[in-house]
Amino acid sequence: MSERPWHRPLAVSNAPTDCLDILMMRKKGGAVLKRFAPRRLARLLALMMALTPLATDAYLPAIPDIARYLGTEASAAANSMSLYLLGFACGQVIFGPISDRIGRRPVAIGGIIVFFLSSLALAFSSSLMMFCSLRFVEALGGGACSVNAAAVVRDRFSGRESARMMSTMTMILLLAPLGAPSLGALLNNYAGGWQAIFLFLAIYALVALTLVSRKLPETAVLSGHAEGLATIARRYGRVLGHRAALGYIIAVACSYAGIFSFLSASSYLCINYYKVPEWIYGLMFTGNIILVLGANRLNLSLLKHHSPHDILKVGMMLQLGFGVMALLTVALRLDAAWTLMPLVIIFSSMNGLITANAISSMLDYFPSMSATATAALGCIQFSSGGIGSFIVNAFGDYGPWPLVIMLTSVGVISNVMFRLLSEAHARTTSREGLAEKPHAELEDSSLRT
């Protein structure tokens, strides 16, 4: 069986190629795009994807001040985070198929413009309703950018090279949550209050808009015909009905359910339950980001000798192992901040071996509609994170038990479902000889599996 090339030449496209054409939506004749250095492309896509982690993390220290300014409770202002995650998921679902239809560049640029305008308006919010509504709109723009970044990678790379690009982008992207809370606190305390945070987000979006409109190549192969809602629904049905792809989606969803459960419960457990000083909790949070960076760096090294599929399996088994260890630590009454939290942090860091490999493996089944597939995965991924966070918070009075049960449960679910879906599908297609077919044929044949 001949091995598929990891690099593919950029496609010929009739998408708009300059900013004026983007805004006027005029189509030019096709032109062969120049090769774009992978590291430069990774930096550009990470710059675009960083809009969301900056928007979610930078304003956290200012939530009490936002609540006082808007005349509401801090918990009500904090609910804007849930609205942002909802808007982010909706943005991916809406703009994924549009990106497959009209191209990556116009949707990415449009998403950044939406993010810029809503961030600017957020600085002048005068009521909680206005603030939450604008956060939802801001998230729609962030979702459009995120779904396009992953689609560009799939258009340009496949297999191990795609997973390498995803890991490189993640490593760059993690710099945003690493410094965003501190930056938000500085802007809130010394630069004019919480409004300065959203003015900073608007300026960042303007810089991203300038670079993306000048540097981002069009990588999609456009069909040139309009698609109705029924066609879009069938596209999502093809993604969610593909057994192997569904296994990869569940792997990412379970990992994010565990991560968001940890993030939502960590502050209460460390500071209120285990009485850890706030500055030590901050160091723990920083240590978590550093470990995730290390896991992504390890993933890059492992991809030189192993497939994304195999590394993903190891990452899921390690997550399950650390989830079980955390559960036993609480069950044996050995739990303390110094015994439990390191296990939970390592569980979270194993996402560096899971998400990039799962996304690249899943997208290989959908070369002609990678943005739609990314949108389906992203919606389920962040919805699962929100559900996990909600469940753990709903049972917060039970100390660490909800968190460790959640981590163990998602570890079991991801491993079992991955083997029942993705592994079983791989064995079936291998026996039927489908592994030697081009991916375009494999995508169609998967509908009959």
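Derivation of every value follows stated rules applied to the coordinates shown; laboratory data play no part. Being a predicted model, the structure only gives us computed values, none of them experimental. Using ideal geometry, Cβ is built from the backbone for each residue, glycine included, and neighbour counts are taken over all protein chains shown.
Tabulated data for the structure shown
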| quantity | calculated |
| --- | --- |
| Simple Cβ-charge dipole of region 35-217, Lys/Arg +1 and Asp/Glu -1, about Cα centre, in debye nearest 20 | 960 |
| Euclidean distance between Cα centres, region 49-85 to region 255-287, Å | 18 |
| Residue among 349, 181, 60 farthest towards the positive dipole end of the chain, charges placed on Cβ | 349 |
| Rounded if a/c under 1.5, otherwise prolate or oblate - region 191-342, Cα gyration tensor axes | oblate |
| Near-label residues of region 254-273 by backbone N, under 20 Å of a point 7 Å along Cα→Cβ of residue 74 | 262-273 |
| Neighbour-count order for 364, 57, fewest beta carbons within 10 angstrom listed first | 57, 364 |
| Rg(Cα)/(2.2 N^0.38 Å) for region 227-449, N = residue count | 1.10 |
| Kyte-Doolittle mean at least 1.6 and Cα axial length at least 15 Å: DSSP H helices in the chain | 195-215, 337-349, 401-418 |
| Cα shape, region 178-258, gyration tensor, a/c 1.5 rule | oblate |
| Approximate spin-label separation residue 280-residue 336, in nm, with each point projected 7 Å along Cα-to-Cβ | 0.9 |
| Residues 306, 242, 425, sorted so that the one with the fewest Cβ neighbours within 10 Å comes first | 306, 425, 242 |
| Estimated dipole of the chain in Debye, rounded to 20 [Cβ of Lys and Arg +1, of Asp and Glu -1, Cα centre] | 1160 |
| Total lysine pairs under 29 Å (Cα atoms) in the chain, excluding pairs fewer than 8 apart on one chain | 9 |
| Contact order normalised by residue count of the chain, Cα under 8 Å, 6+ apart, percent | 24 |
| Ranking of 218, 138, 161 by count of other Cβ atoms within 10 Å, fewest first | 161, 218, 138 |
